[in-house]
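Trainee: Please see the structure below; I have some questions.
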Amino acid sequence: MATQSTDLRTRFYPQSRYGGFTDQDQGIIFYLRVNALLRPEHRVLDVGCGRGKASEDTVDVRRELSSLRGRCARVIGIDVDPDAAENPTLDEFHLLDPAKPWPLPDASVDMVVSNFVLEHVADPALFFSEVRRVLRPGGKLCMRTTNVFSYFGVLARVVPGRYHAKVVRTAYARDAREERDVFPTVYRCNTVWKLRRMLSRHGFSHYVYGYQAEPAHFGFSRLLYRFGVAHQRHAPHFVKPTLFVFAERAAEAG
């Protein structure tokens, strides 16, 4: 399967022979912009930081871009999963209680990064309220999340939750994703329009758009991979599988 996936990628995205990534690599695109916004004095909050699987990425440039530790003053992680304490990309970790405010003071961080977390959040209004609270005025929010209008979102809503781990392992075989890294999804704020409204309501200027990488998740099927390539090249942005969010907390009035 790995050989077929590699063959398909190099056939449709021949530039991947040089460095191991394509021009449509969403991890590189996302974290390149995160790094462009980052400053050495910044304190960064990684919401839903996980166990740091990105630190095991075999593509050097993508792994280095996604690890912000050492490029800023401090990287703080919060997560509902106690295993996230082992994340090697953090300077500090706090266990998150979903029923309580985040364990950080008001206006205490310069950037919030949220990487494929919002799709698991049952109360988006509370989530964005906490983002705004912990960000200093002028602080940045950088987010990736799954689009519920994409084929991923439709599949996740159709397939019973007990099968999600199996489906994810099949689609992302190259990542060797473990069952404990697959969490229930609810998709309460996972469209371009809902995100824009929510961000405006909480006082953020923002840019929200759909993005699609090369269809690595279809590497197990030549037919599906061809469909993924066509979708990546021609589908409108509001049905692309991933939603990108870059936003800034407004300064206090007066």
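The values are calculated or read from the model by the stated rules, or taken from the named source; none is laboratory data. Remember, predicted model here, so these are calculated numbers, not experimental data. FYI the Cβ positions are ideal-geometry reconstructions off the backbone, even for glycines, and counts take in every protein chain you see. With ligands, DNA and RNA removed, areas are computed over all heavy atoms of the protein, side chains included. Shrake-Rupley method; radii C 1.70, N 1.55, O 1.52, S 1.80 Å.
Trainee: Kindly establish whether G203 is within 17 Å of the chain's Cα centre (by Cα) and either open to solvent by 80 Å² or more (accessible area, probe 1.4 Å) or modelled with pLDDT of 95 or more (or both). Full working, then the answer.
Mentor: Values: within 17 Å of the chain's Cα centre (by Cα): no; either open to solvent by 80 Å² or more (accessible area, probe 1.4 Å) or modelled with pLDDT of 95 or more (or both): yes.
Considered against the rule, which asks whether it is within 17 Å of the chain's Cα centre (by Cα) and either open to solvent by 80 Å² or more (accessible area, probe 1.4 Å) or modelled with pLDDT of 95 or more (or both), G203 comes out as no.
Trainee: A follow-up question, please. Pairs under 8 Å by beta carbon, first residue closer than 16 Å to F93 by Cα in region 49-74, partner at pLDDT below 95 and open to solvent by 30 Å² or more (accessible area, probe 1.4 Å), six or more apart or different chains?
Mentor: So the pair list comes out as G50/D181; R51/D181; K53/D175; K53/R177; K53/D181; S67/A54; S67/S55.
Residue by residue, here is whether (1) out of contact with any Asp or Glu (no Cβ under 8 Å at 6 or more places or on another chain); (2) acidic (D, E); (3) part of a helix (DSSP H, G or I) holds:
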{"position": "R196", "(1), (2), (3)": "yes, no, yes"}
{"position": "V208", "(1), (2), (3)": "yes, no, no"}
{"position": "F220", "(1), (2), (3)": "yes, no, no"}
{"position": "F227", "(1), (2), (3)": "yes, no, yes"}
{"position": "Q232", "(1), (2), (3)": "no, no, yes"}
{"position": "L243", "(1), (2), (3)": "yes, no, no"}
{"position": "A247", "(1), (2), (3)": "yes, no, no"}
{"position": "A251", "(1), (2), (3)": "yes, no, no"}
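Trainee: Here is a further query. Just to verify a result, which residue in region 9-28, among those that are part of a helix (DSSP H, G or I) and in contact with a helix residue (DSSP H, G or I) (Cβ under 6 Å, 6 or more places away or on another chain), is surrounded by the fewest Cβ atoms within 10 Å (Cβ to Cβ)?
Mentor: First pass over region 9-28, keeping only residues part of a helix (DSSP H, G or I): 9-12, 14-17, 26-28.
Narrowing further to those that are in contact with a helix residue (DSSP H, G or I) (Cβ under 6 Å, 6 or more places away or on another chain): 9-10, 12, 16-17, 27-28.
Numbers: R9: 23, T10: 13, F12: 17, S16: 20, R17: 10, G27: 19, I28: 19.
The extreme case among them is R17.
Trainee: Okay, moving on. Of the conditions (1) small (G, A, S); (2) in a helix (DSSP H, G or I); (3) open to solvent by 40 Å² or more (accessible area, probe 1.4 Å), S5 clears all except one; give me its number.
Mentor: Only one criterion is unmet by S5, namely (3).
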